[in-house]
1. If you go through segment 160-202 one residue at a time, how many are more than 16 Å from ligand 2 (Cβ to nearest atom) and open to solvent by 20 Å² or more (accessible area, probe 1.4 Å)?
2. Quick check on LEU260: is it within 16 Å of ligand 1 (Cβ to nearest atom) and either without any contact (Cβ under 8 Å) to a residue 60 or more places away in the chain or closer than 26 Å to ARG172 by Cβ (or both)?
3. Could you please find all residues in segment 282-300 being in a strand (DSSP E or B) and open to solvent by less than 20 Å² (accessible area, probe 1.4 Å)?
4. Being open to solvent by less than 50 Å² (accessible area, probe 1.4 Å), over 30 Å from ILE112 (Cα atoms) and modelled with pLDDT of 95 or more, is that true of even one residue in segment 39-52?
5. Assess whether LEU151 counts as being open to solvent by less than 20 Å² (accessible area, probe 1.4 Å) and not aromatic (Phe, Trp, Tyr).
6. Considering each residue of segment 230-274, count those that are away from ligand 2 (no atom under 16 Å from the Cβ) and not hydrophobic (A, V, I, L, M, F, W, C), and give that number.
7. Could we say that PRO77 is open to solvent by less than 40 Å² (accessible area, probe 1.4 Å) and either at pLDDT below 95 or not assigned by TED's automatic domain parsing to the domain that holds ARG30 (or both) here?
8. Of all residues in segment 203-220 being aliphatic (A, V, I, L, M) and within 18 Å of GLY247 (Cβ to Cβ), which is nearest to ligand 2 (Cβ to nearest atom)?
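The values are calculated or read from the model by the stated rules, or taken from the named source; none is laboratory data. Since the model is a prediction, treat every value here as computed from it, not as a measurement. In this analysis, Cβ positions are derived from the backbone assuming ideal geometry, glycine residues included, and neighbour counts consider all displayed protein chains. When the accessible area is computed, the model is the full protein with side chains, heavy atoms only, and any ligands, DNA or RNA have been set aside. Shrake-Rupley method; radii C 1.70, N 1.55, O 1.52, S 1.80 Å.
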Amino acid sequence: MISVRDGQNHILARVTAVAPPEFVALVDARGRVLAEDVHAPFDVPPADNSAVDGYAVTSADVPASGTRELDVVADLPAGSVFGGTLAPGQSVRIMTGAPMPVGADTVLPQEIVERAGARVRIVAIAKGANVRRRGEDVTAGVIVVERGTVLRAQELGLVASLGARQVLVRQRPRVAVLSTGDEVAEPGTQRTPGQIYDANRFTLRGLAEECGASVTDLGIVPDRKEDLRARLLDAGRIADVVLTSGGVSVGVYDLVKEVLGEIGGVDFWQVAMQPGRPLAVGRIGAAHFFGLPGNPVASMLTFMLFVRPALYKLAGRRRLFPETFLARAAEPMSKKAGRREFKRGVLRYADGGWSVRTTGPQGSGILSSMVVGNCLVILEEERGDVAEGEAVLVEPF
Ligand code: AMP
Ligand code: MG
């Protein structure tokens, strides 16, 4: 038996980032991983500008109390620049985002002034009010988005605000997925008595795509050595990571490890965890191989624990593991000491704190628990049964 942590370390030590990075247009870059730091070539905003629609004035003209009338000498829409310099007694009508006129340092919102013809009556206001400072968002020269960051909407917007149209990103890891087992039937086809429809190719494809991988579906392979061998050799040629499910437990048809032993290399692990104990890890040529257990929850969980960090590392991501949080157990939970257990839980905010209950039966074939649940409850190796009210680790999914 090996621990979850030792298994993860073993895998990550053998994985390095894939292929050279590539430029992609910003419009195609959401979800991709940045391959280089993005620096700001200039200040954002590039000049002091108005935060409101109103009147730009010189603070020396602002009365300490009462009111004062100023001339309105220009109208300044966003996107235009006041050519002159504001003289004493003058103001400029200014729109949100327009650069501050030279000589002006304060803006009065239009709601608090009275306009009459070419004059405006102003009131007391703090010096510098309603002015957005040059560089207050981003200062020239700083790193605005670090390499290894997954580009979300906000990173794309920030990069665009710096004038770039494209970014250098990591190539997507290529993942090939196949299911094994004579009992596994293709959804949409007639199944024979004793067969079950394939779930794992769909969960594993979904998980891999959520990791930013591009996925090739290699279908279902019967429990026959020659078929498996041919399909795995194909997979190893087209993918960076090959995933199979089923066929790694100790049964008559457990061929995956036997075939892998011939065409690549494989370690066969018993991981001290529940669900998901058996796991095969190895190589097919240049590709990384993961033989995941057949039970649907176990294969999802072993993906999340062992494949996902590897895919993240291949993709050049900085963060390899998700955040975990503490919540109160809303019910007692059974737990065997000596292994890491992962219950599917329902996390919710109640009575001023976060509490978590399990989804019900926790068998490793009960895939509906992943649908009903919204988190994993992670119970550490050394821990025994959990009493109601104890703090437990949760990982939202
Ligand atoms: P195995 O590891 O091949 O012994 O499979 C363990 C359990 O998982 C068995 O009950 C299989 O029927 C089931 N199983 C294997 N592959 C799949 C699959 N692709 N989809 C759903 N269940 C599966
Ligand atoms: Mg099988």
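1. Pass one, segment 160-202, residues more than 16 Å from ligand 2 (Cβ to nearest atom): 160-176, 187-190, 193, 202.
From what's left, open to solvent by 20 Å² or more (accessible area, probe 1.4 Å): 160-161, 163-166, 168, 170-172, 174, 187-190, 193, 202.
Residues flagged as more than 16 Å from ligand 2 (Cβ to nearest atom) and open to solvent by 20 Å² or more (accessible area, probe 1.4 Å) within segment 160-202 amount to 17.
2. Numbers: within 16 Å of ligand 1 (Cβ to nearest atom): yes; either without any contact (Cβ under 8 Å) to a residue 60 or more places away in the chain or closer than 26 Å to ARG172 by Cβ (or both): yes.
Answer is yes for this residue.
3. GLY282, ILE284, ALA287, PHE289, PHE290, GLY291, LEU292
4. Within segment 39-52, one or more residues are open to solvent by less than 50 Å² (accessible area, probe 1.4 Å), over 30 Å from ILE112 (Cα atoms) and modelled with pLDDT of 95 or more.
5. Details: open to solvent by less than 20 Å² (accessible area, probe 1.4 Å): yes; not aromatic (Phe, Trp, Tyr): yes.
Here the answer is yes, as LEU151 does meet what is asked.
6. 11
7. Criteria not met by PRO77.
8. Among those residues, the one meeting the criterion is ILE220.
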